[in-house]
1. Can you bin the chain into rounded, prolate or oblate? Criterion: square roots of the alpha carbon gyration tensor eigenvalues sorted a ≥ b ≥ c, rounded for a/c under 1.5, prolate for a/b above b/c, oblate for the rest.
2. In terms of modelled amide H atoms, which long-range or inter-chain residues lie less than 5 Å from the amide H of residue 98?
3. Taking only Cα atoms and a 10 Å spring cutoff, compute GNM fluctuations for the chain and point out the largest among 22, 54, 119.
4. Using unit Cβ charges (K, R positive; D, E negative) and no other charged atoms, how large, in debye to the nearest 20, is the dipole of region 1-136 about its Cα centre?
5. Enumerate the helices in the chain for which the Kyte-Doolittle hydropathy averages -1.0 or more and the C-alpha atoms extend at least 30 Å along the helix's axis, using complete DSSP H runs.
6. With charges set only on the Cβ (+1 for Lys and Arg, -1 for Asp and Glu), what does the dipole of region 138-209 come to about its Cα centre, in debye to the nearest 20?
7. Whole number in Å², please: accessible area per residue of the chain, 1.4 Å probe, ligands, DNA and RNA not counted.
8. Normalising by the residue count of the chain, find the relative contact order in percent from Cα pairs under 8 Å and 6+ residues apart.
Amino acid sequence: MSAVEQFKTMADLQDQINSKISKSWRQNGNEWYRAIWIEAAEMMDHIHYKWWKSGTMDLEQVQLELVDIFHFALSDLLEKHGNSEEVSDYLMKAWSDFKGDDQAPLLAVEELARRTLVSMGFDAAAFFQTMYSVEMTLDDLFKLYVCKNVLNSFRQDKGYKDPNIVYHKVFDGKEDNEHLMDIAKKISPDQVDFIELIYAGLEAIYPKS
Ligand SMILES: O=c1ccn([C@H]2C[C@H](O)[C@@H](COP(=O)(O)OP(=O)(O)OP(=O)(O)O)O2)c(=O)[nH]1
């Protein structure tokens, strides 16, 4: 799949998950930029900035936080540009113009958070630089994005938003995000039924009651 097709597919999937969360998502006044900078702050912990305690960068978790950020970024862009064609054209231009620098991950994330707060919106160049700093390719982003989008959809189907239903975030000793990564390692986005396979993988292991 070409880069522009990957951006278009992700923008379409974003519209779908947002509509599942709320049919009127474009009218709800969601502050996407706020979710972006807060996820960026969560990323800092996974990069490991605390010099006063031991630890190392958890690359898998760092990349997953970037995938969460991209969900909010696509939502912001869909609201601003209207539809997935416009969003994918916009992202494709930013991707073509992008030249990565050897910037440390912590500084790249801080710059992403700073630009997000200053503009109160998504900054594609700072996002792509952060991907580059944490060694994430567009193919990596695409695969992980689709996986997380399916988990977000699965969560909604299992009552994540419903106060009367208990959603099991942790089961068999692991968070749903970690189970997702295990499933992701066994399948490829080249498989035609990629989305169905992720969903079926989650369904097979999720507690029945
Ligand atoms: O309108 C929305 C709201 C959320 N999301 C997605 C983005 C992200 O992939 C996920 C929320 O992040 P996360 O997985 O961290 O979930 P959480 O509910 O914030 O969990 P936690 O409290 O454990 O961080 O939901 C959307 O796509 N559209």
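The values are calculated or read from the model by the stated rules, or taken from the named source; none is laboratory data. These numbers come from a predicted model, not from an experiment. Methodologically, a virtual Cβ is constructed for each residue, glycine included, from the backbone with ideal geometry; neighbour enumeration extends over all protein chains shown. Surface areas here come from the heavy atoms of the whole protein model, side chains and all, with no ligands, DNA or RNA. Shrake-Rupley method; radii C 1.70, N 1.55, O 1.52, S 1.80 Å.
1. Rounded, since a/c falls under 1.5.
2. When sequence neighbours closer than 5 places are left aside, there are no close amide H contacts.
3. 54
4. Numbers: 12 positive and 23 negative charges, 67 e Å.
Using only the charged Cβ atoms, the result is roughly 320 debye.
5. Working: long enough: 59-81 (32 Å, 0.33).
In the chain, the long hydrophobic H runs are 59-81.
6. On the way: 10 positive and 13 negative charges, 49 e Å.
The dipole of region 138-209 has a size of about 240 debye.
7. 52
8. Details: 218 pairs, mean separation 48.2, N = 209.
Relative contact order for the chain comes out at 23 percent.
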